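Written out below as C-alpha cells is the structure these notes cover.
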C-alpha cells in the first residue's frame, strides 16, 4: 500500500500542474474574448443606427413630398379666393387653408426633428466606426499571440496527461477518479497523513479503531470529514527525516 500512496503523491503533483494549465487555458483568451464581444456589440450598434438612419431618410423624403402637396393645395385654395361670391364660401376656403397651414407646420416640425435625429445618428455612427476600427486592429494583433500561448499550454497539458497516465498504471480507475476530484476540491491536497491521532488535512481527531484501520493499510481509506485519502505517519519516520 505504501507504493500506492507514493504513486498518489506523485500523481497529486502532476494533477496540480495539469489544473494550473487548464486554468491558464481558460484565462488566456478572456481578455481577447471581451474585446471580441465589445467589437460585435459595436458592430450591432452601427448596423442598428444605419437601419434607423435609412428609415428616417425615407421618412424625410415622404415629408418633403407631403409638404409639397400641401403647398400645392394651399395655392389652389388661395387662387379660388378672388372667385368667391358668398361669405359662406369664403369661410369654407379659409378653413381649408387653415387646415393646410396646420398640417404644414406639423410636417415641418417632424421634418426638423428627423433631420436633428439623423445628425445625432451620424455622430454615433462616426464615433462607433472609429472604435470599431481600433478594436478590429487590437483583435488582429492579439489573436496570434493568444493562439500561440494556447498552443504552448496545450502542449504542456498533453505532457502532463501522459505523465498522469504513466503514474496511474496499476491504480484502480475509481480511486484515480475520486482522488482527482478531491485534489480539485481540496486546494490541491488529496492525500494526507494521520499524525498524533489527527487528520493533517482538516485537523479532526479520529477514533482509535479508525486509525488502526488506516495503519493496517489493507485498503484506501478516506477521512470522514474532509474526504482526503489517509495514511499513517509513524513517529520514527519524523526522527529519520530529521537525521537525514
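No value in this document is a laboratory result; all are computed from the given coordinates. Computed from a predicted structure; not experimentally measured. Here Cβ is always computed from backbone atoms with ideal geometry, including for glycine, and neighbour counts include all displayed protein chains.
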With each run of n ≥ 4 DSSP H residues scored as -39500 (n - 2.57), what mean residue ellipticity at 222 nm is computed for the chain after dividing by its residue count and rounding to the nearest 500 deg cm²/dmol?
-28500 deg cm²/dmol
With everything on Cα atoms, drop me the angle between helix 87-168 and the longest principal axis of the chain, reported from 0 to 90° to the nearest 10.
20 degrees
So how do 192, 198 line up by other beta-carbon neighbours within 10 Å, fewest first?
198, 192
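Which length gain, in nm to one decimal place, applies between residue 216 and residue 88 when the Cα-Cα distance is subtracted from 0.36 nm times their residue separation?
Working: separation 128, 0.36 × 128 = 46.08 nm, distance 11.99 nm.
That works out to 34.1 nm of additional length.
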Percent of all Cα-Cα pairs per 5 Å bin for the chain, counting from 0 up to the last occupied bin, reads 1, 5, 8, 8, 7, 6, 6, 5, 5, 5, 5, 4, 4, 4, 4, 3, 3, 3, 3, 3, 2, 2, 1, 1, 0, 0, 0
So between residue 198 and residue 52, what do we pick up on full extension, going 0.36 nm a residue minus the alpha carbon distance?
45.5 nm
If R0 is 22 Å, what FRET efficiency do you get for residue 62 and residue 109 from their C-beta distance, rounded to 0.05?
0.90
Highest-fluctuation residue, 156, 136, 89 considered, GNM on the chain with Cα pairs under 10 Å:
89
Would you mind checking the tilt of helix 2-27 against the longest principal axis of the Cα atoms of the chain, expressed as 0 to 90 degrees and rounded to 10?
10 degrees
If each residue of separation counts as 0.36 nm, what is the full-extension length gain between residue 189 and residue 9 once their alpha-carbon separation is subtracted?
63.9 nm
Mean-square fluctuation check for the chain, GNM, Cα pairs under 10 Å: which of 22, 109, 163 is largest?
109
In a Gaussian network model of the chain with springs linking alpha carbons closer than 10 Å, the residue among 31, 75, 180 that fluctuates most is 75
Once you wrap a convex hull around the alpha carbon atoms of segment 41-135, what is its projected area averaged over all directions, in nm²?
6.6 nm²
What nm value, rounded to one decimal, do you get for the distance between residue 33 and residue 127 when each label is placed 7 Å out toward the C-beta?
2.9 nm
Mean separation of Cα contacts under 8 Å (at least 6 apart) over the residue count of segment 78-229, i.e. the relative contact order in percent, is 11 percent
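Can you put 8, 25, 230 in order of Cβ neighbours within 10 angstrom, beginning with the fewest?
Working: 8 22, 25 15, 230 25.
Ordered from fewest to most neighbouring Cβ atoms within 10 Å, 8, 25, 230 come out as 25, 8, 230.
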I'd like the orientation of helix 173-185 relative to the chain: the angle between its Cα long axis and the longest Cα principal axis, in ° from 0 to 90, rounded to 10.
60 degrees
